[in-house]
Amino acid sequence: MKTILRTLLASAAAGAALFAQAADGIAFITNLKGEVSVDGAPRPMLMSELGKGQKLVVGKDSQLAVMYIQSGKEYVLKVPGDYTVGEREITSVSGVPPAARETTWRASNQVLVKVAQTSSASIRMRSIAPPAKADTKPRLEFPTQGAVTVLQPTLRWTMPDAKVPAEVALFVAGKEDKPLAKAKVSGTSHRFPAKLQPDTEYAWTVSVAGQEIGAARFRTLPAATIQNAEKRRPSEKAEFSDRLMYALLLQEIGAVQEAQEAWAKLAQERTDLPELAGLAR
């Protein structure tokens with residue numbers, strides 16, 4: 001166990017060092033497997049920014065994917081060898097040039113830094129914190145913070161007994177005296193049939209036997225942002241880096257909880273990347 005914790009902490013420290021070196025980052029890591037190093041430091045963190053001139057080494061049966069921030073071009077390094085980060089492309093010191101693919105993704109340096117800081121902090125906290133106990137108290141789950149990318153969100157909550165009928169009420173924020181819609185349902189989720197208005201703040205409550213178990217607020221995104229998010233939503237079979245980029249997009253537009261769910265799916269798929277689990281919280 002101590003060895004695992006030391007590995008996680010070393011990864012976080014190495015990632016922080018790489019971010020410091022790549023203050024003028026022009027690219028970042030979108031995938032990695034196996035033996036990979038950057039400027040001699042092993043196991044860089046996923047989404048570490050890279051600067052011009054940095055040296056990449058990929059071992060046997062390993063892989064490294066790097067995407068350029070401005071162009072969205074992604075280089076996939078699968079052949080063992082040494083590579084260099086150029087201003088617009090990844091070049092091989094010797095051997096076969098890396099494969100490249102054009103994408104429509106564009107990353108934000110600010111979001112990359114924020115995500116990296118969150119991931120590093122989470123890895124450190126999980127290394128020293130005791131395992132969390134299961135919380136069985138009734139509470140609202142989604143959406144309870146940030147924005148949503150749909151105009152008919154499925155409201156979710158938890159209760160010890162999911163069969164107990166609950167009354168769900170939806171309001172425009174600040175007008176809680178006049179519900180937009182109400183429903184009495186069995187279970188722990190509900191989606192109202194009417195679409196909400198874009199770029200609007202809403203509030204919702206859940207009550208059981210006349211006793212409110214929780215209240216929360218959320219905001220719908222502007223119509224253009226919702227359309228863009230839907231257009232860019234990748235399929236379950238899309239490239240790992242495409243699904244990672246979509247999670248970053250959700251983070252950037254403020255769909256915090258949807259981003260966490262996207263990170264959680266990636267974390268389940270890639271248990272070898274502990275930084276993903278940190279972002280799923």
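The values are calculated or read from the model by the stated rules, or taken from the named source; none is laboratory data. Computed from a predicted model, the values in this text were never measured in an experiment. Quick reminder, even Gly has a Cβ in these numbers, built from the backbone with ideal geometry, and neighbours come from all protein chains shown.
Please tell me if Val150 is surrounded by 15 or more Cβ atoms within 10 Å (Cβ to Cβ), at pLDDT 90 or above and touching a helix residue (DSSP H, G or I) at 6+ places or on another chain (Cβ under 6 Å). No: the conditions fail for Val150.
Pairs are defined by a Cβ separation below 6 Å, a sequence spacing of at least 6 or placement on different chains, a first member in the stretch 64-79 that is at positive phi, and a second member that is crowded, with 19+ Cβ neighbours inside 10 Å; the pairs so defined are Gly72/Trp105.
Taking (1) touching a Lys or Arg at 6+ places or on another chain (Cβ under 6 Å); (2) assigned to a helix (DSSP H, G or I) in turn, Met245 satisfies each apart from (1). If you go through the stretch 142-171 and keep only what is assigned to a strand (DSSP E or B) and either of a type outside the set (D, E, K, R) or at positive phi (or both), you end up with Phe142, Ala147, Val148, Leu155, Trp157, Thr158, Ala166, Val168, Ala169, Leu170, Phe171.
Among the residues of the stretch 26-44, count how many are aliphatic (A, V, I, L, M) and more than 17 Å from Ile90 (Cβ to Cβ). Show your work before the answer.
From the stretch 26-44, those aliphatic (A, V, I, L, M) are 26-27, 29, 32, 36, 38, 41; that's our starting set.
Narrowing the set further to residues that are more than 17 Å from Ile90 (Cβ to Cβ) leaves 41.
Within the stretch 26-44, residues that are aliphatic (A, V, I, L, M) and more than 17 Å from Ile90 (Cβ to Cβ) number 1.
For the stretch 212-225, a residue qualifies if it is among the small types (Gly, Ala, Ser) and either in a strand (DSSP E or B) or modelled with pLDDT under 95 (or both), and the qualifying residues are Gly214, Ala215, Ala216.
Counting only residues that are assigned to a strand (DSSP E or B), closer than 25 Å to Glu258 by Cβ and without any contact (Cβ under 8 Å) to a residue 60 or more places away in the chain, the stretch 183-204 holds 7 of them.
Scanning the stretch 182-233 for residues that are surrounded by 16 or more Cβ atoms within 10 Å (Cβ to Cβ) and in contact with a helix residue (DSSP H, G or I) (Cβ under 8 Å, 6 or more places away or on another chain) yields a total of 4. Touching a Phe, Trp or Tyr at 6+ places or on another chain (Cβ under 7 Å), within 17 Å of Leu250 (Cα to Cα) and modelled with pLDDT under 95 - does that describe any residue in the stretch 116-134? The answer is yes, given that some residue of the stretch 116-134 is touching a Phe, Trp or Tyr at 6+ places or on another chain (Cβ under 7 Å), within 17 Å of Leu250 (Cα to Cα) and modelled with pLDDT under 95.
Conditions (1) at pLDDT 95 or above; (2) closer than 30 Å to Asp161 by Cβ; (3) among the aliphatic types (A, V, I, L, M), marked per residue:
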residue	(1), (2), (3)
Leu196	yes, yes, yes
Thr205	yes, yes, no
Gly210	no, yes, no
Lys231	yes, no, no
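Among residues that are within 21 Å of Met47 (Cα to Cα), of a type outside the set (Gly, Ala, Ser) and exposed (fewer than 13 other Cβ atoms within 10 Å of the Cβ), Glu236 is included. The residues of the stretch 33-48 that are part of a strand (DSSP E or B) and buried (at least 24 other Cβ atoms within 10 Å of the Cβ) amount to a single one, Val38. Under 17 Å from the mean Cα position of the chain (by Cα) and of a type outside the set (S, T, N, Q): does that describe Glu212? No.
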